[in-house]
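Peer 1: This is the structure, below, for whatever I ask next.
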Amino acid sequence: MPDGSLHGLRIIDTSEGVAGGYCTRFLAGLGADVIKLERPGVGDSLRRAGPFPGDVVHAETSVMHLHLNAAKRSVTLALASASGLRLFARLLETADACVTDDPAVAEHAGRIQTHLVISTITPFGASGPRAGNPGTDLVTMAAGGYLSLNGDPDREPVRPYGDQSEHQAGLHAALGTLAALRAREGGAPGQLVDVSMQEASGFLTAGALQRHALMRRTQTRAGARPAGFAPNRLYPSTVRPCVDGHVHVHCHNRFHDLISVLMDEPRLAEPDVLAEPLGHADEIDALMDRWLATRSRREAVAEAQDLRVPMAEVFNPGEVMDDELGHLRERGFFVDVAHPVAGAVRQPGAPVVMPASPWRIRRAPLLGEHTVDVLCGDLALSRCDLTRLSAAGVV
Amino acid sequence: MRPLEGVRVIDLTVAVAGPVATHLLGDLGADVIRVEPPFARPTAHLDVVPVAPGAPDRPYNRAAGHVDLQRSKRGMTLDVAKPLGRDILLRLVAVSDVVVENMSPRVLPSLGLAYADLRGANDDVVLVSMPAFGSTGPLRDRVSFGPGIDAMSGLAHLTGYSDLGPMNASLYYCDYNAGALAALATIAAIRHRDRTGKGQHVELAMLEGELQLVADALLDYTMNGRVGMRRGNAHPSMSPHGIYPCAGVDRWIAIACEDDRQWAALCDAMRRADLRRDPLFGDVVSRVRNRDELDKLITDWTSKAQGNETWKVLQLAGVPASPVQTIGDLFDDEHVTERRWIQYTEHPEAGTVPHTRAAFTLSETPARIERAAPLFGQDNRSILSDLLRLEDRTIEQAYASGVVRDEPPSR
């Protein structure tokens, strides 16, 4: 198989959890040699995050570990000990970048290795009055403004499922790291990439920012009617029930003629509705519901798509994996990865198809699986050294 | 220097996801040339921001989405469906590194601009395509925008209150995810080209980018046959973990305790040391089980004070918390200001436009948002004559035949 696009780059990853794990999932999938430094005997917190097969807690089978740590190598190392720090320094000498969620590790790494790209991922970034404050996915999403746009207007704001603030921080961290690595290959020095989870979720508010500043209109949450770039004009853009579940309809007004034909409801394209669709949202919903009440998701979407009306099924995770439409199967998106403890695991594959430098599919490492390879190979430690370090709890 | 200095990108994108990808590349220093059709920019269904004092009133230059999403780019108009327009585009490809597009997979090939055609002009060019579903598979020709993909990925099913129906993540979640992902893949492909001399056609299907984000729910189904359900702000292994009301109208605070230490600190901050000894809340398992009672106690406390006051107390105590900031709050947030997270461009017709930068700063090669979104056809002349060095005769012909226009045609 050809090399990945990041072939030849080595990344040392001391992070734990979703954001750092997602960042280095990209770098590993794109072909970099990602060495995850894990606490001896404990490992990455993703190993404890679950869910677990059969709900049996096991450090090797947490599904978030299997997904996010795919294609990385694992070395155990106690960074809290002096000899651990010495080995860390030697490892950094062999590396191009270091990804961490610990500002102290970043500072240490930056001091001893100025050639490195050092990426820190923290709740609020490394500077500013909130730097160092604790924060979770929920808290940083609240601080970033995005949470205020999610949820029912009559209820409390509600968080989009699944640590999205952390995921976006990981994605931006990978982007920033790669940008800094490119600058370095072009002659720039090593540098600090300072990633903030608050900013990562806040990046999703764009559009709302301009309307607030330039049009004096502050968007808030609108339930299943998410406000788009044109909240007074764009509707329907919503989730509605049908016979066997829900569908999503997204029709800005160049689709109104089509949707009125589709549902045989001329009212949907009358001038007063077209001029102010969101103002007629209740009426539009009622008209759509009448049509949807006699159709399954499959029937509704098929009829809509025949007319080029953007309608989609709301799938639950099981339906996504079962892939009734066969689309993901035909594209080979899901991959079956053999794992010595978890068995064969069907999981999401490449986020991006790069024919000349393919995404690397490889299983997640066992805890400390590559300790000997890396420490005895790259750092030329003897087996005797390793035994001593192991006895001292350093590896 | 800036990270993507020396990289030229041709931007053929539409809607949201594509423009996010290319503005991120522009923010990082690439020379992004946005190529638009020389026809009227539709504004009828868009928000148009007010005209800046003294500027000509041309609404098509001021769509709110345009002035944000097209920053950090130059702009030209070109009718690539005409032979001369196609020819000019290929000459542009010859002096560029990357082409980014997010149209339906049928479109570029139907214009004679398939990847093979682009390679005819520039052998190592990188083409980044961002179709909704990919260029293969039974759904390849489905029409969809980002929010429809939020529905198909499982995200909408899982988002919302436990007693209500599914709900999309707000605004354009899928588009912003795909945009950042495409920018990342672009830089990777440029590195590969620099190392091997080989370009490639990169394909990012927005659906496949989004399925990375709900892997825990997908794998819980594969491994355990369990279909995840909506659970509001409840967390499987943190409690308290919620959004609590504060004094004032529609003001809220987020509070989350990751461990027993933070829980103890919260009890002290609430002046409810007694709760630390309450067996109902003794460890995280109990707190998750008795979540409703716990949330009621916290609500009693938070609803008596302003969110900012409560937040300051919790900040001192080391409890993860933040007021739920409105969009307006972001502009007044000292932390946001000090980190220069919101940056501004001076747009000649829309005035001072705020933008959020990507979620990182770079200490040595900063990414700065400096160039305002282009006016219609703004850089036509400089691109045609200075960059492409077309003969005057060809440029005149392009204008005369409507292949290039400096102003949209009047209706």
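The values are calculated or read from the model by the stated rules, or taken from the named source; none is laboratory data. Treat the numbers as computed from the prediction; the structure is a model and nothing was measured. Glycine gets a Cβ as well: all are built from the backbone with ideal geometry, and neighbour counts include every protein chain shown.
Peer 1: What about B:Arg389, is it within 30 Å of B:Lys82 (Cβ to Cβ), modelled with pLDDT of 95 or more, more than 31 Å from the chain's Cα centre (by Cα) and in a loop (DSSP other than H, G, I, E, B)?
Peer 2: Judged against the criteria, B:Arg389 is a match.
Peer 1: (1) modelled with pLDDT under 95; (2) facing chain A (nearest Cβ under 7 Å): which one isn't true of B:Asn233, the others all being true?
Peer 2: Condition (1) is where B:Asn233 drops out.
Peer 1: Kindly indicate whether B:Val49 is under 22 Å from A:Gln210 (Cα atoms), touching a His at 6+ places or on another chain (Cβ under 8 Å) and among the β-branched types (Val, Ile, Thr).
Peer 2: It is false that B:Val49 is under 22 Å from A:Gln210 (Cα atoms), touching a His at 6+ places or on another chain (Cβ under 8 Å) and among the β-branched types (Val, Ile, Thr).
Peer 1: In segment A:183-202, how many are within 7 Å of chain B (Cβ to nearest Cβ) and either touching a residue at least 60 places away in the same chain (Cβ under 8 Å) or surrounded by 24 or more Cβ atoms within 10 Å (Cβ to Cβ) (or both)?
Peer 2: Qualifying residue count, segment A:183-202: 11.
Peer 1: Look through segment A:1-16, keep the residues that are assigned to a loop (DSSP other than H, G, I, E, B) and among the acidic types (Asp, Glu), and return whichever of them is nearest to the chain's Cα centre (by Cα).
Peer 2: A:Glu16
Peer 1: Give B:Val404, B:Val324 a once-over and let me know the one that is away from every other protein chain (no Cβ under 14 Å), surrounded by 23 or more Cβ atoms within 10 Å (Cβ to Cβ) and touching a Ser or Thr at 6+ places or on another chain (Cβ under 9 Å).
Peer 2: So the residue among B:Val404, B:Val324 that is away from every other protein chain (no Cβ under 14 Å), surrounded by 23 or more Cβ atoms within 10 Å (Cβ to Cβ) and touching a Ser or Thr at 6+ places or on another chain (Cβ under 9 Å) is B:Val404.
Peer 1: Within the group B:Ala151, B:Ala189, B:Ala156, B:Ala185, which residue is at pLDDT 95 or above and under 17 Å from the mean Cα position of the chain (by Cα)?
Peer 2: B:Ala185
Peer 1: So if I check each of B:Ala81, B:Ala94, B:Ala52, B:Ala44, which one is farther than 22 Å from B:Glu346 by Cβ and either modelled with pLDDT under 95 or within 14 Å of chain A (Cβ to nearest Cβ) (or both)?
Peer 2: Going through B:Ala81, B:Ala94, B:Ala52, B:Ala44 in turn, the sole match is B:Ala44.
Peer 1: Right, A:Ala293: of a type in the set (A, V, I, L, M, F, W, C) and in contact with a His (Cβ under 7 Å, 6 or more places away or on another chain) or not?
Peer 2: no
Peer 1: So which strands (runs of 3 or more DSSP E) are wholly in segment A:170-259 and hold at least 1 residues that are of a type outside the set (D, E, K, R) and on the phi > 0 side of the Ramachandran plot? Before you say what the answer is, go through the steps one by one.
Peer 2: Values: elements: A:191-196, A:237-242, A:245-250.
Of the strands (runs of 3 or more DSSP E) lying wholly inside segment A:170-259, those with at least 1 residues that are of a type outside the set (D, E, K, R) and on the phi > 0 side of the Ramachandran plot span A:245-250.
Peer 1: Have a look at A:Leu87, A:Leu138 and point out the one that is more than 8 Å from chain B (Cβ to nearest Cβ) and crowded, with 21+ Cβ neighbours inside 10 Å.
Peer 2: Working: A:Leu138 fails: more than 8 Å from chain B (Cβ to nearest Cβ).
From the options A:Leu87, A:Leu138, the qualifying one is A:Leu87.
Peer 1: Hey, another quick one. Quick check on my filter: what residues within segment B:183-201 are touching a Leu at 6+ places or on another chain (Cβ under 7 Å), touching a residue at least 60 places away in the same chain (Cβ under 8 Å), surrounded by 24 or more Cβ atoms within 10 Å (Cβ to Cβ) and facing chain A (nearest Cβ under 8 Å)?
Peer 2: Once the filter is applied, which keeps residues that are touching a Leu at 6+ places or on another chain (Cβ under 7 Å), touching a residue at least 60 places away in the same chain (Cβ under 8 Å), surrounded by 24 or more Cβ atoms within 10 Å (Cβ to Cβ) and facing chain A (nearest Cβ under 8 Å), segment B:183-201 yields B:Ala183, B:Ile187.
Peer 1: State yes or no: is A:Ala126 more than 7 Å from chain B (Cβ to nearest Cβ), in contact (Cβ under 8 Å) with a residue 40 or more places away in the chain, assigned to a loop (DSSP other than H, G, I, E, B) and surrounded by fewer than 24 Cβ atoms within 10 Å (Cβ to Cβ)? First the steps, then the outcome.
Peer 2: On the way: more than 7 Å from chain B (Cβ to nearest Cβ): yes; in contact (Cβ under 8 Å) with a residue 40 or more places away in the chain: yes; assigned to a loop (DSSP other than H, G, I, E, B): yes; surrounded by fewer than 24 Cβ atoms within 10 Å (Cβ to Cβ): yes.
Against the criterion (more than 7 Å from chain B (Cβ to nearest Cβ), in contact (Cβ under 8 Å) with a residue 40 or more places away in the chain, assigned to a loop (DSSP other than H, G, I, E, B) and surrounded by fewer than 24 Cβ atoms within 10 Å (Cβ to Cβ)), A:Ala126 qualifies.
Peer 1: Among (1) surrounded by fewer than 22 Cβ atoms within 10 Å (Cβ to Cβ); (2) over 30 Å from B:Ala182 (Cα atoms), which single condition is A:Leu292 missing?
Peer 2: Single failed check for A:Leu292: (1).
Peer 1: If you go through segment B:35-45 one residue at a time, do you hit one that is touching a strand residue (DSSP E or B) at 6+ places or on another chain (Cβ under 9 Å), among the small types (Gly, Ala, Ser) and in contact (Cβ under 8 Å) with a residue 12 or more places away in the chain?
Peer 2: Checking segment B:35-45: not a single residue is touching a strand residue (DSSP E or B) at 6+ places or on another chain (Cβ under 9 Å), among the small types (Gly, Ala, Ser) and in contact (Cβ under 8 Å) with a residue 12 or more places away in the chain.
Peer 1: On to the next question. Taking segment B:141-176, which residues are in a helix (DSSP H, G or I), under 27 Å from B:Asp11 (Cβ atoms), facing chain A (nearest Cβ under 7 Å) and of a type outside the set (A, V, I, L, M)?
Peer 2: B:Pro147, B:Gly148, B:Tyr173, B:Tyr176 - these are the residues of segment B:141-176 that are in a helix (DSSP H, G or I), under 27 Å from B:Asp11 (Cβ atoms), facing chain A (nearest Cβ under 7 Å) and of a type outside the set (A, V, I, L, M).
Peer 1: Cβ-Cβ under 6 Å, sequence separation 6+ or interchain: first residue in segment B:342-353 and touching a residue at least 60 places away in the same chain (Cβ under 8 Å) and of a type outside the set (A, V, I, L, M, F, W, C), partner part of a strand (DSSP E or B) and surrounded by 16 or more Cβ atoms within 10 Å (Cβ to Cβ). Which pairs?
Peer 2: Close Cβ pairs satisfying both conditions: B:Thr345/B:Val353; B:His347/B:Val353.
Peer 1: Can you report the number of residues in segment A:141-167 which are more than 7 Å from every other protein chain (Cβ to nearest Cβ), of a type in the set (D, E, K, R) and within 17 Å of the chain's Cα centre (by Cα)?
Peer 2: Number satisfying all stated conditions: 2.
Peer 1: While we're looking at this one, here's another question. Considering only segment A:25-69, how many residues are among the hydrophobic types (A, V, I, L, M, F, W, C) and farther than 18 Å from A:Thr177 by Cβ?
Peer 2: 10
Peer 1: Check segment A:330-337 and report whether any residue there is over 30 Å from B:Gly137 (Cα atoms), surrounded by 14 or more Cβ atoms within 10 Å (Cβ to Cβ) and of a type outside the set (Asp, Glu).
Peer 2: No, segment A:330-337 contains no residue that is over 30 Å from B:Gly137 (Cα atoms), surrounded by 14 or more Cβ atoms within 10 Å (Cβ to Cβ) and of a type outside the set (Asp, Glu).
Residues are listed down the side, and each one gets a yes or a no for (1) under 23 Å from A:Ala179 (Cα atoms); (2) out of contact with any Phe, Trp or Tyr (no Cβ under 9 Å at 6 or more places or on another chain):
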| site | (1), (2) |
| --- | --- |
| B:Asn308 | no, yes |
| B:Val319 | no, no |
| B:Glu334 | no, yes |
| B:Glu364 | yes, yes |
| B:Phe376 | no, no |
| B:Ser382 | no, yes |
| B:Asp386 | no, yes |
| B:Thr394 | no, yes |
| B:Ala398 | no, yes |
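Peer 1: Okay, next question. Just to be sure before I move on: is B:Leu211 at the interface with another protein chain (Cβ under 7 Å from one of its Cβ atoms), closer than 17 Å to A:His7 by Cα, free of Cβ contacts under 8 Å to residues at least 60 places away in the same chain and within 17 Å of the chain's Cα centre (by Cα) in the structure I sent?
Peer 2: In short, no.
Peer 1: Among the small types (Gly, Ala, Ser), free of Cβ contacts under 8 Å to residues at least 12 places away in the same chain and surrounded by fewer than 17 Cβ atoms within 10 Å (Cβ to Cβ) - does that describe any residue in segment B:277-285? Let's see the steps before the verdict.
Peer 2: Filtering segment B:277-285 for residues among the small types (Gly, Ala, Ser) gives B:282.
Those still in the list that are free of Cβ contacts under 8 Å to residues at least 12 places away in the same chain too: B:282.
With surrounded by fewer than 17 Cβ atoms within 10 Å (Cβ to Cβ) added as a condition, the list becomes B:282.
Yes, segment B:277-285 contains at least one residue that is among the small types (Gly, Ala, Ser), free of Cβ contacts under 8 Å to residues at least 12 places away in the same chain and surrounded by fewer than 17 Cβ atoms within 10 Å (Cβ to Cβ).
Peer 1: Here is a further query. Wholly within segment A:17-115, which helices (runs of 4 or more DSSP H) include no fewer than the required count, namely at least 2 residues that are farther than 26 Å from A:Leu6 by Cα? Let's see the steps before the verdict.
Peer 2: Working: elements: A:18-29, A:46-49, A:63-68, A:82-93, A:103-112.
The helices (runs of 4 or more DSSP H) meeting that bar are A:46-49, A:82-93.
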